[in-house]
Amino acid sequence: MALPPSPSALSLLESGELPAAPAYILEGSDEYLLEQVLQLARRTLLEPGFSDFNWSALECSAATKLNTLTNALLELPMLTPQRLLELHYPQRLSAGVSAKVEQVFQETLEQGSNIILLVFHEEPKNCKSPLKKWVQKSGLTIKCSAYANEILPWARRYLERLSSPIEGAALRELQNRAGLNLADLSLQLEQLALYAGPGETITPAMVRAIIRQSLESKAWELTAALGAGDLRSALQVAASLLEDSPQRGALSLLSYLNSYLRSLAQIAHLAQRFGRSPKALAPHLPDKKEFLIRKSLEELRRWPEAKLREALLALTEADLALKTGADPQQTINFLLLQITPAAPSKQ
């Protein structure tokens, strides 16, 4: 059976349908999306009235015994053609158990009476789980992570289902405030629809009143300011991030900047090998959309290799300073003074 290309979780939830497959892999860092796709799988794959008898979930760990996993794989469906077995955190299984279960696992995949769903509650990099390799041969992989360009269409459709149309300007305001945490955003959208009232159009003022600015959106503002060499704006955004909890905010900011700069360094390295075309680089960056690669390539014009190395070293020094008692605000301010590229000269 030819399987469709790996779909995104949001596209599946929008269609309300799950393509047929003998097994599935769910992976991603967004627990909201993982849970929503799990619910869709249970509704689609289990017959109403018999789901309690034909569904089981096993949270794997290094302590999971071989007979526990084997019994779960060999359990037969009751009064229906198939049952659903969810294996959560399969990458945590010991190498010995993974190796010994191969024959039973492969037989279960071939027989088709047990549909196996591997659930990785993060996006494992260089995952060596043999279970994942076995399922990839015939199963369907579903990415449960939201990308920035998917948030607004999802939010508009979410509000439409709540009978709350939204103005274009309000949607742009939402873009300035919304992060990638869909669980948090969905609750705020519910509050926004309630605030507006049934059938009422949502305005920018309503968005500003209800939707709080997320950590991601502030972090985006910060990296945009850095890319533009705008030190004043970078300091202002950093100060707002540290308002509620200076130490926690500073550490979160360092983590985000580390990811941002390392991503730029990775793309710079790949661009030297494969050229600066986003399309040519996309196969080597499966976790990034082309528009994000294009944006990074544009930003790299302001981040020469030497500047990136200096910035990463400054991050390490700032992290050590924070963990040894330095003042969070002063540490972040000094870091930004060190790493902000020079503003472009005015012609």
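Calculate how many DSSP beta bridges within the chain are antiparallel, expressed in % of all such bridges and rounded to the nearest 5.
0
For the chain, the dipole from Cβ point charges (+1 on Lys and Arg, -1 on Asp and Glu) about the Cα centre works out to 1120 debye, to the nearest 20. Pull out a ≥ b ≥ c, the square roots of the eigenvalues of the alpha-carbon gyration tensor of the range 1-62, then state rounded if a/c is under 1.5, prolate if not and a/b is larger than b/c, and oblate in the remaining case. It comes out rounded by the Cα gyration axes. From the square roots a ≥ b ≥ c of the eigenvalues of the alpha-carbon gyration tensor of the range 148-212, which class results: rounded (a/c under 1.5), prolate (a/b over b/c), or oblate? In terms of gyration-tensor shape, rounded. Gyration tensor analysis over the Cα atoms of the range 115-241 returns equivalent ellipsoid semi-axes of 33, 24, 11 Å (largest first, whole Å). Structure remark: mean-square fluctuation, Gaussian network model of the chain, C-alpha springs under 10 Å; the largest value among ARG262, ARG301, ARG156 belongs to ARG301. For the range 56-68, the Karplus equation 6.51 cos²θ - 1.76 cosθ + 1.60, evaluated at θ = phi - 60°, returns couplings of 8, 9, 10, 8, 7, 7, 5, 8, 4, 8, 4, 5, 5 Hz by residue, with Gly and Pro reported as x.
Note that the range 319-335 has calculated 3J(HN,Hα) couplings of 4, 5, 4, 5, 7, 10, x, 5, 5, x, 5, 5, 4, 5, 4, 5, 4 Hz, one per residue in order, obtained from phi through the Karplus relation 6.51 cos²θ - 1.76 cosθ + 1.60 (θ = phi - 60°); glycine and proline are x.
Placing unit charges on the Cβ atoms of the charged side chains and taking the dipole of the range 148-212 about its Cα centre, the candidate lying farthest along the positive direction among GLN191, LEU152, GLY179 is GLY179. Only Cα sites of the range 219-301 enter the Debye sum here, all with the same form factor; the resulting log10 I(q)/I(0) across q = 0.11, 0.20, 0.26 1/Å is -0.35, -0.89, -1.19, listed in q order.
Remark: relative contact order (the chain) = 15 percent; criterion is Cα-Cα distance under 8 angstrom and separation of 6 or more residues.
Based on the alpha-carbon gyration tensor of the chain and its eigenvalue square roots a ≥ b ≥ c, which shape applies: rounded if a/c is under 1.5, prolate if not and a/b is larger than b/c, or oblate? It is prolate, given that a/c is not under 1.5 and a/b is the larger ratio.
Separation of the range 47-77 from the range 86-134 is 13 Å, based on Cα centroids. Structure note, pairs LYS128/LYS288; LYS279/LYS307; LYS132/LYS218; LYS133/LYS218; LYS133/LYS288: Cα-Cα distances above 28 angstrom occur for LYS132/LYS218; LYS133/LYS218. Placing unit charges on each Cβ (+1 for Lys and Arg, -1 for Asp and Glu) gives the chain a dipole about its Cα centre, and among ALA282, SER259, PRO304 the Cα reaching farthest toward its positive end belongs to PRO304.
Bear in mind that the values in this text are calculations on the coordinates, not laboratory data. All of these numbers come straight from a predicted model, not from anything done at the bench. Cβ coordinates were reconstructed from backbone atoms using ideal geometry, including for glycine residues, and neighbour counts include every protein chain displayed.
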